[in-house]
Amino acid sequence: MENSFNAENKKLKDLEKNHLADEKGAMTTDQGVKINDDHNSLKAGDRGPSLLEDFILREKITHFDHERIPERIVHARGSAAHGVFKLTTSLAGHTKAKLFTEVGKEVPVFARFSTVAGSKGSTDLARDVRGFAVKFYTEEGNYDLVGNNIPVFFIQDSMNFPDLVHAVKPEPHNEIPQAASAHDTFWDFISLMPESMHMIMWTMSDRAIPRSFRMMEGFGVHTFRFINEQNKSTFVKFHWKPKLGVHSVMWDEAQKISGKDPDFHKRDLWNAIESGDFPEWELGVQLVPEEDEHKFDFDLLDATKLIPESEVPVQLVGTLTLNKNPDNFFAETEQVAFHPGHLLPGIDFTNDPLLQGRLFSYTDTQLSRLGSPNFHEIPINRSVNPVRNNQRDAHMRMQINKGASSYHPNTIGGGCPYQAMMQDGGFHSYEERIDGKKIRTRSSSFMDHFSQARLFYNSQTKTEQQHMINALQFELSKVKRAHIRENMINQLTNVSLDLAKEVAQVLGVELPNSPVAPVNESKPADADDAHYASVVRDPRTTTDDALSIIKNVKNADKSRKIGFISTGAYSSDRLKSITEKVEMAGSKLMVVAPTLGNIRNSEGHKVKVDETLFNTASVLYDAIIVGDEAKSSEEILANSKVKEFVMDAFNHCKPILVLSDATTFIDELGLPCCRESMKSAAELYIDTDTDTFMASLRKHRHWEREELS
Ligand code: HDE
């Protein structure tokens, strides 16, 4: 059997090779017949009607007519890359999965990042959760870790998922708005689902507008199980930690990027990999011994909760490196089929009711999206371990199964394929003891909806809290129905009265003096009233620094795009030394000038222009260098595009290096915050020398600037 599979596989590979070779040769029909004329249909006379017998035209148009497949219901817009995973620390004590025990072995992977709400052609910079799905092609079979860049989810039970998605997608009557949660149906649903408040805190934070896929964390979200050789189980939560650190953009910036370059994240990932700047993440695990299942003040099975890193530290155990872009977007990124149920021996599910629903959904959706139960035969979905079973036929079957038996048990096929013993790697579900009534309810251990929302809000810096307030003000002010805005303010009072107050004041909603029980708060039938009230409205304010982006800034000077804005002439000595420093840090300097081609420096040498002031924008750079020793500040800022560049960079708190006379430059800029009392460059966080500029870059942003105006 194995030989026949390998032979088939080889045949397919040869076919693929031939196919590729053919692209360099003569054009053919799908049947391999060489085409002599691909520009004119067959007609009766040179001005006559086209003929039905034109099989070449019919084949071309029929194929074209069927080119699209349904986009994913959620996570439709995505970008992906190939890479490798390498384990650095064995988890053999906890799991028998070779992926997590064979240190140093390179396992091929395919990772896809996505936005959730928008269609395939929507913008990358929507305020949204990002999908972070990784397929590991291991020798024991495919393993998919299908996670997000936020460690919790909106809902606790899969029963609510279609409603959540209907609510966030464009409204059904007019299909507006695209890729945005700022509309009535989303907030109506959220205002009636108190359990969503923790996730809402995350989506209203800067986590929902990442600077790059390469600069976001990933989380498995659910609690999974590891099973070791002795069949002992350990609970596990998975984390991806980006080596470039976690960085985000600002909301105003995100909206502008959406117009200037809706493919910003897609392009960023593609270009980084093409230039050999391979993105990397460390895989982390939080391990909880089975005996400790109930030691937390939340339920490990509740996907709206995380395990604070301050309670269970994340152990780093391996590295993911993405090192190759796909050859074909459709064949790979579009057709890849992830599934949280693609598991390996040594890894198992828990009874998280959100996860349990997903186990059904992902195969089901592939059947309608990819059209056949044979989707595992599409090259990107194939297991590297040979597939042998008695599943047969169906649409688009590629494998040519040989022999007379397609059932088990059999004698005709010599009993093959046979069932693998557990000790030979046969998958064996964890023998969890289950003893319960068949019941349609929510466990009372799932009832605390606000403690972790508060934990998240309280763990943020003032700047981050302000961004969350601004986000809620923006989103909720887009809601037309006043009662939805009111319901939302009531929800927020349970997270923080201060937060609720700040948001309420721009919504024209009156703020209650104390937390208000949200509409539709569902108290589990078995919960005691007093206990329920104390848990749900628990005023504790704990913090965990791991939840803040700003408290953990690192490597912000790496892999950045810095715009050198030129109006024509500058001192080459200065540029050379800046370029050297920027490149040494691992970033890139791009020359932006009024026209493409070359500009001349002050010594008359030609310098290549990368982008023009008209085809790019400040929001597409991480930092800018502007000014010119050969020109006055007045001359430089007379160009309105340059002024716009600087103003945006200033407002988005980006590092700015000014090479000309800074005082006049600032004066000419006419920053609103400095009109009355002229501020110095340092007070405005504008740099005038390269070293301070490089230090600014390492901070990512000068958030202090937000407080100037
Ligand atoms: Fe998904 N989800 N999901 N999801 N999800 C899909 O599967 C679903 C959930 C996630 O790059 C779909 O192939 C249900 C949580 C990612 O191809 C669909 C529920 C998390 C991706 C589906 C959830 C995710 C998907 C759409 C609640 C984080 C993109 C197309 C019970 C842990 C994978 C597809 C890719 C995609 C269903 C909740 C992550 C419809 C029913 C929680 C990253 O099957």
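Structural remarks
- Sites SER445 and GLU291 - FRET efficiency at Förster radius 22 Å, r taken between beta-carbons, to 0.05: 0.85
- Given charges at beta-carbon only (K, R positive; D, E negative), |dipole| of the range 48-381 in Debye: 580 debye
- Distance violations [Cα-Cα > 23 Å] among LYS260/LYS631; LYS260/LYS679; LYS135/LYS305; LYS561/LYS643: LYS260/LYS631; LYS260/LYS679; LYS135/LYS305
- Three semi-axes of the equivalent ellipsoid, the chain, Cα gyration tensor, whole Å, largest first: 45, 38, 26
- All aspartates and glutamates inside 15 Å of LYS324 as judged from Cα atoms, apart from same-chain residues fewer than 8 positions distant: GLU106, ASP268, GLU274, ASP277, GLU280, GLU332
- Dipole moment magnitude, nearest 20 debye, the range 555-707 about Cα centre, only Lys, Arg, Asp, Glu C-beta charged: 580 debye
- Taken one residue at a time, the phi angles of the range 86-100 give Karplus couplings (6.51, -1.76, 1.60, θ = phi - 60°) of 10, 6, 10, 10, 6, 10, 4, x, 10, 9, 9, 4, 4, 3, 10 Hz. Gly and Pro are set to x.
- Taking a Cβ cut-off of under 14 Å around ASP302, the surrounding Lys, Arg, Asp and Glu residues balance to a net charge of -4, with basic ones at +1 and acidic ones at -1.
- Calculated from backbone phi, Karplus (6.51, -1.76, 1.60) coupling profile of the range 627-642 in Hz, x at Gly/Pro: x, 5, 6, 8, 10, 7, 4, 4, 4, 5, 7, 5, 7, 5, 5, 5
- Contact order, relative form, for the range 555-707: 24 percent (alpha carbon pairs under 8 Å, 6 or more residues apart, mean separation divided by residue count).
- Residues PHE278 and GLU629, FRET efficiency given R0 of 35 Å [Cβ-Cβ distance, rounded to 0.05]: 0.40
- Ignoring aspartates and glutamates fewer than eight residues from LYS402 along the same chain, the ones with Cα atoms less than 13 angstrom from its Cα are GLU2, GLU8, ASP393.
- Relative contact order for the chain: 12 percent, from Cα pairs under 8 Å spaced at least 6 residues apart, divided by residue count.
- Helical content of the chain, expressed as a calculated mean residue ellipticity at 222 nm, amounts to -8500 deg cm²/dmol (DSSP H runs of 4 or more residues, -39,500 (n - 2.57) each, divided by residue number, nearest 500).
- Footprinting exposure proxy for ARG77, ARG72, ARG442, ARG481 (fewest neighbouring C-beta atoms within 10 Å first): ARG481, ARG442, ARG72, ARG77
- Extension gain from LEU708 to LYS402, taking 0.36 nm per residue of separation minus the Cα-Cα distance: 102.7 nm
- Gain on full stretching of the segment that runs from ASN40 to ALA546 - 0.36 nm per residue minus C-alpha separation: 175.8 nm
- Counted by Cβ distance under 13 Å from LEU42, the other residues give a net charge of -3, where Lys and Arg count +1 and Asp and Glu count -1.
- FRET efficiency, GLU431 to LEU359 (Cβ-Cβ, R0 25 Å, nearest 0.05): 0.85
- Exposure proxy order (Cβ contacts within 10 Å, fewest to most) of HIS75, HIS66: HIS66, HIS75
- Compared with the direct C-alpha span, the chain from GLN391 to THR461 gains 19.7 nm at full extension, assuming 0.36 nm per residue.
- Charges were assigned to the Cβ only: +1 to each Lys and Arg, -1 to each Asp and Glu. The resulting dipole of the chain about its Cα centre is roughly 1040 debye.
- Annotation: amide H of SER248 within the under-5 Å range of ARG211, sequence separation 5 or more or interchain, hydrogens built in the peptide plane.
- Shown for THR616, THR542: other C-beta atoms within 10 Å of each C-beta, ranked fewest to most, produce the order THR542, THR616.
Only the coordinates and a few stated rules stand behind these numbers; no lab work does. Being a predicted model, the structure only gives us computed values, none of them experimental. Neighbour counts run over all protein chains shown; Cβ positions are idealised from the backbone, glycine included.
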